[in-house]
Amino acid sequence: MVIYILCFALLLVGIYGILTKRDLIKIILSLGIMGYAVNLMFILFAYKRGAGYAILVKDKAVTAMVDPLPQALILTSIVIELGITAMLVALAIRLFEKYKTFDITKIRRLSG
Amino acid sequence: MILPFLIIIPLLAAFLITLISGGRDSWAIVFSILAVISLLALSVFSFLSTGSQTFIYEMSGWKIPLTICLVQDALSTFMLVIVNLIALTSLMFSVSYIRQYSAPWKYYALFMLLIAGMNGVIATGDIFNLFVFMEIALFSAYALVAFGGKAEEYEASFKYAVMGSVSSTLILLGIGILYSATSTLTMAKIAEILPTLDVKLTYWVGAIFLAGFGLKAAIIPFHAWLPDAHSSAPAPISAMLSGVFIKSLGVYVLIRLFFNVFGGVAVFNEVFLVIGAISMIIGVFLALGQWDIKRLLAYHSISQIGYIIIGIGLATNLGILGGVFHLFNHAIFKALLFYNAGVLEMTTGTRDLRQMGGLAKKLPTTSFTSMIASLSIAGLPPFNGFFSKLIIFIAAIQAGRPVYAFLAGLGSLLTLASFMKMQRYAFYGKENKDADKTLAKVSTAMKWAMISLAVLCLLTSLMVIPGIRELTLDPVVAVIMNKTGYIAEVLGR
Amino acid sequence: MKPSEGMTLIVKTVTRISVWLIILYGIYIILHGHLSPGGGFAGGVIIALALLNVLLAYGRGFITRWLNIGFLHDLESSSAAIFLAIGILGMAVGGGFLANFISHGKLFNLLSSGTIPLLNIVIGLKVCTGLFVVVWTLAIFHLSDKGEKQ
């Protein structure tokens, strides 16, 4: 149970970072932390005590395995996170070109 | 057998555009138009042939709990028709509108990916696959919002991307919790197992999904990204985003999850009603004070989504009929209004209503179609918006909730006031002397895109006639209302 | 701009030797995707990282001469199209989209499990070119910030 709470705390760290940081790059990093927390949560859901990895190996008896599906899912979600990070970094670079700053309190041409 | 093609065709078109047409835009236009026309034909055909049946497509030859399945029922094909219809008109409008930007072929490739993502979200019956397609659609939306390359557009896109990915992370968390509880990702299977589990689980996961998909649908506590993103995007993309994007990713998924998977929990219906009413009223009040024409329209999107959510939240047959009908109508007239705004922006070079005026003579088509769209959105007979709002109104009274009926009427009045202001400042009133006299030309394709939608504004009001309604809207309502039908049909019991 | 072209001689030499080993390892991971941990994505990322190593060590100028970026773009979109084509072939031959229509072969053989190795190779290509092009695009931003449109 404790490990789930710690994992949720990591998620909250990410949310805290997004809400309070003023630097574009730090916001992107906080998004990454949030994503990692959820990925970790998936791995914890798949975990089974005493089970091995879910790959058949030649000349090795089949034993209890952890659930491989969440691992496949987080691989997909990692790819998505990679894409979103690249997208956000590109946008941040473009914003820096336009505004010459990474501070979101100074990037306010749009109202509301 | 049709549904996979609705995802394959746009994806293939997107990759072919980047592969073949690198630099040559004419090929990109040909590919994308062909793709979207075939998509529209396929989706209309599948909608008409489905009726009240359900067809399942199982990917890669595996059977259902092991594979990703695509579900073809009345609701999904209905949404597909809306998406591809608006996509076709948007593409017609884009062809000459997008020439003002650099590298239009990139625009078409992204546009195809956007359609692929939305079609995928609608067609899929697997909750993680839904997440993946949603991300595809969101990625292209972020890129398309920033397509213009101005500072405001990057700012809006960044804001949208950050909020969108926070909500996506929440959705992923919800999917993980659902998976750990039910050990399956097929939505019908989840729906079958959920009632045997603690009801608290449904509440928690429902709350997470409400926040996640509510942000995609831009209902009010989660609306902050919408006015920026929708007003900064190029006009055809604004039409796609406001017309179908927030509905397919937000409202459709909310309906599918909360009615078909969670089985219409009463608490969430109450929540829908409250946030729907809040969105409806606050959205329209925020719109009243706007002078930027696209921001005004964007705030009206929030308000109209409120109507749909109220209709859904009433959870009676009539309420859901009104909600679904309004969803269809709103896609049509909001897309039309954004095209009008696009023409105004292109010809006058400004989005500020105060700097326009007297354009009715110079832009007769735009003025006329925008009048029709304004009357539709404000809910005046005989246009489609009137009938859907009337149905929601009657449904609210029948369900014994006159407060919501009153709020719907009030919202409608305020909408009318707001659009009278838009008409008055943009098309009538005093001509602006300082304005540039050299108006850019409105191309024929753009005119046809606007005219066809204006005609649809009138034609779709025929859907209330019982004979047509039984063919079109009633099967959709039946799918939503039938709580166990989805499970039974998909799992083949 | 000129003096900052690439890093020191030590880095360049180490990169020159190691980059081929890294690429070889990536290919190994891709080809054994159906037998061991890894697969198309992991191997593709490894190859992309090797190319990025060159980009970091030798600078942007060298990599444009060494690699044809336009070709990488084409490779990326064509690998995605090939993936779809394999999927559609599965639809035409049997089962459904992405159905495994080639004989599955013997377990633990390198040439086994039908279309999976093919798909792994295609995904590997897509990921390695895609990731490299993404970082490349981020890297050239700096060049074009003097009012010139990209």
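Would you please state which residues of the range B:290-334 a label at residue B:424 would reach in this model, taking the label point 7 Å out along Cα→Cβ and a backbone N cut-off of under 20 Å?
B:290-300
For the pair residue B:361 and residue B:441, how long in nm is the line joining their label points, each one 7 Å along Cα→Cβ?
Those two pseudo-labels are separated by 2.2 nm.
By how many nm would the segment from residue B:37 to residue B:24 grow when fully extended, if each residue of separation counts as 0.36 nm and the alpha-carbon distance is taken off?
Extending this stretch completely gives an extra 2.6 nm.
For the range B:335-493, list log₁₀ I(q)/I(0) at each q in 0.09, 0.14 Å⁻¹, using the Debye formula over Cα point scatterers of equal strength and ignoring solvent, two decimals each.
-0.43, -0.82
So what is the relative contact order of the range A:2-99, in percent, for Cα pairs below 8 Å that sit 6 or more residues apart? Walk me through the intermediate numbers first.
Numbers: 81 pairs, mean separation 24.4, N = 98.
That works out to 25 percent.
When the scattering of chain A is computed by the Debye formula from its Cα atoms alone, each counted once and equally, what is log10 I(q)/I(0) at q = 0.17 Å⁻¹?
-0.89
If you count the DSSP beta bridges with both ends in the protein assembly as shown, what percent of them are antiparallel, to the nearest 5?
Values: 8 of 9 bridges.
Among the beta bridges of the protein assembly as shown, antiparallel pairing accounts for roughly 90 percent.
Aspartates and glutamates within cross-link reach of residue C:126: Cα-Cα under 14 Å, excluding same-chain residues under 8 positions apart?
List returned: C:74, C:76.
Calculate the spin-label point distance for residue A:71 paired with residue C:7, positioning each point 7 Å from the Cα along the beta-carbon direction, and give it in nanometres.
3.2
Could you work out how far the C-alpha centroid of the range C:76-99 sits from that of the range A:60-112, in angstrom?
Centre-to-centre (Cα) distance: 28 Å.
Between the range B:374-425 and the range B:253-290, what is the C-alpha centre distance in whole Å?
Cα centroid to Cα centroid, the span is 17 Å.
Hey, can you grab everything whose amide H is under 5 Å from the amide H of residue A:65? Only 5+ residues off in sequence or another chain; H modelled, so Pro and N-termini drop out.
For residue A:65, whose amide H was placed from the backbone, the distant partners under 5 Å are A:52.
When the helices in chain A are scored as -39500 (n - 2.57) per DSSP H run of 4 or longer and the sum is shared across all residues, what 222 nm value do you end up with, to the nearest 500 deg cm²/dmol? Can you show the working numbers first?
Numbers: 3 runs with 74 residues, N = 112.
Per the formula, -23500 deg cm²/dmol.
For residue A:60, give me every one of the lysines with a C-alpha distance below 27 angstrom, ignoring sequence neighbours fewer than eight places off in its own chain.
Cross-link targets: A:48, C:106.
Rounded to the nearest 0.05, what FRET efficiency do residue B:45 and residue B:66 give with R0 = 30 Å and r taken as the Cβ-Cβ distance? Could you check? Walk me through the numbers on the way to the answer.
Details: r = 30 Å, r/R0 = 0.98.
Efficiency computed from Cβ-Cβ geometry: 0.50.
Just tell me how shielded B:259-271 is by partners: mean number of partner chain Cβ atoms within 10 Å of each residue's Cβ, no decimals. Spell out each step's value before the answer.
Working: counts 0, 0, 0, 0, 0, 0, 0, 0, 0, 0, 0, 0, 0.
Other-chain Cβ atoms within 10 Å of each residue's Cβ, averaged: 0.
Quick one: how many Å² of residue B:420 are accessible to a 1.4 Å probe, rounded to 10?
120
When only Cα pairs under 8 Å and 6 or more residues apart are kept, what is the percent relative contact order across chain B?
Answer for chain B is 16 percent.
Membrane-span-like helices in chain B: DSSP H runs reaching 24 Å or more (Cα, own axis), mean Kyte hydropathy at least 0.5? Don't skip to the answer; put the middle values down first.
Details: long enough: B:3-20 (26 Å, 2.81); B:25-50 (37 Å, 1.88); B:74-97 (35 Å, 1.84); B:104-123 (28 Å, 1.17); B:127-145 (27 Å, 2.01); B:151-182 (46 Å, 0.75); B:199-217 (25 Å, 1.23); B:266-288 (33 Å, 2.32); B:293-314 (32 Å, 1.10); B:317-348 (46 Å, 0.94); B:402-426 (36 Å, 0.82).
Helices meeting the criterion: B:3-20, B:25-50, B:74-97, B:104-123, B:127-145, B:151-182, B:199-217, B:266-288, B:293-314, B:317-348, B:402-426.
Just subtract the alpha-carbon distance of residue C:141 and residue C:28 from 0.36 nm times their residue separation and send over the number in nm, one decimal.
37.4 nm
Would you mind calculating the gained length between residue B:266 and residue B:482 on full extension (0.36 nm times residue separation, minus the Cα-Cα distance), in nm to one decimal? Let's see the in-between values first.
On the way: separation 216, 0.36 × 216 = 77.76 nm, distance 1.50 nm.
Extra length available between residue B:266 and residue B:482 comes to 76.3 nm.
How many angstrom lie between the Cα centre of the range A:1-28 and the Cα centre of the range B:4-42?
What the calculation gives is 40 Å, centre to centre.
Can you give the relative contact order of the range C:9-144 as a percent, counting alpha carbon pairs under 8 Å and 6+ residues apart?
Details: 176 pairs, mean separation 42.7, N = 136.
Reported relative contact order: 31 percent.
The values are calculated or read from the model by the stated rules, or taken from the named source; none is laboratory data. All figures in this text were calculated on a predicted structure; none of them were measured in a lab. Counting neighbours? That spans all protein chains shown, and the Cβs are built from the backbone with ideal geometry, glycine included. SASA here: full protein model, heavy atoms, side chains in, ligands and nucleic acids out. Shrake-Rupley method; radii C 1.70, N 1.55, O 1.52, S 1.80 Å.
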